[in-house]
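Where a number appears in this text, it was derived from the coordinates with a stated rule and is not lab data. Computed from a predicted model, the values in this text were never measured in an experiment. All Cβ positions, glycine included, derive from the backbone under ideal geometry; neighbour counts span all protein chains shown.
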Amino acid sequence: MGAWVLLALLAGAVLPLQAGVNAELARVVGGPVRSALVSFAVGTLALFLLALLLTGPSWPWGRMLQAPGWVYVGGLLGAVYVVSVIVLAPRLGPLLTFALVIAGQLLASLLLEHLGLLYARHPVNLPRLLGLLLVLLGAYLVRRF
């Protein structure tokens with residue numbers, strides 16, 4: 001479990017760095033959508049090479065074609081997220097941007113688990129609600145002071 005916690009912390013730590021790099025790229029290439037496109041192109045190339053290295057040249061085309069269409073919305077959601085953060089981080093600062101992003105992630109996670117959508121069902125309870133409220137309070141304090 002410790003390695004998974006460290007990986008989660010690392011994943012969280014790279015987000016403000018990515019936002020700053022992509023915001024600078026947006027300045028260079030003329031906007032957040034172009035910056036996101038370049039970022040996704042570089043990421044796609046890196047993932048292609050990693051997949052090739054880890055799994056070889058075969059690809060599960062048949063299984064991909066059998067999957068329901070809605071499972072491919074993840075790329076669109078990623079694009080919305082990346083463009084949003086490129087726009088927000090320079091305006092709000094990384095601390096407030098990511099305090100609000102984390103609050104949004106927790107709120108969505110709370111609802112998804114409560115409804116049992118995509119994840120195991122875990123009803124909303126007081127400790128979970130208080131955890132979310134504390135993050136929202138943290139975002140408020142970051143904004144206020």
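What to note about this one:
- Separation of alpha-carbon centers, the range 1-39 and the range 100-127, rounded to whole Å: 24
- Three-way shape label, the chain, alpha-carbon gyration tensor, a/c 1.5: oblate
- When the Gaussian network model of the chain links Cα atoms closer than 10 Å, the mean-square fluctuations of Leu110, Leu50, Leu17 top out at Leu50.
- FRET E, pair Thr55, Gln18, Förster distance 25 Å, beta-carbon r, rounded to 0.05: 0.50
- The chain: most fluctuating residue of Val14, Val83, Val33 per GNM, C-alpha cutoff 10 Å: Val14
- Taken one residue at a time, the phi angles of the range 6-13 give Karplus couplings (6.51, -1.76, 1.60, θ = phi - 60°) of 5, 4, 5, 5, 5, 4, x, 5 Hz. Gly and Pro are set to x.
- Normalising the average separation of contacting C-alpha pairs (under 8 angstrom, six or more residues apart) by the number of residues puts the relative contact order of the chain at 22 percent.
- Note on the chain: GNM, Cα springs under 10 Å; of Pro127, Pro16, Pro57, the largest mean-square fluctuation is that of Pro57.
- Mean sequence separation of contacting Cα pairs (under 8 Å, at least six apart), scaled by the length of the range 60-145, corresponds to a relative contact order of 25 percent.
- Residue-averaged 222 nm ellipticity for the chain, from DSSP H runs of 4+ at -39500 (n - 2.57), nearest 500: -28000 deg cm²/dmol
- Where chymotrypsin sites (Phe, Trp or Tyr not before Pro) fall in DSSP loop in the range 26-125, at most 11 other Cβ within 10 Å: Tyr119
- ³J(HN,Hα) computed for each position of the range 37-51 - Karplus, 6.51 cos²θ - 1.76 cosθ + 1.60, integer Hz, glycine/proline x: 4, 5, 4, 5, 5, 5, x, 4, 4, 4, 5, 4, 5, 5, 4
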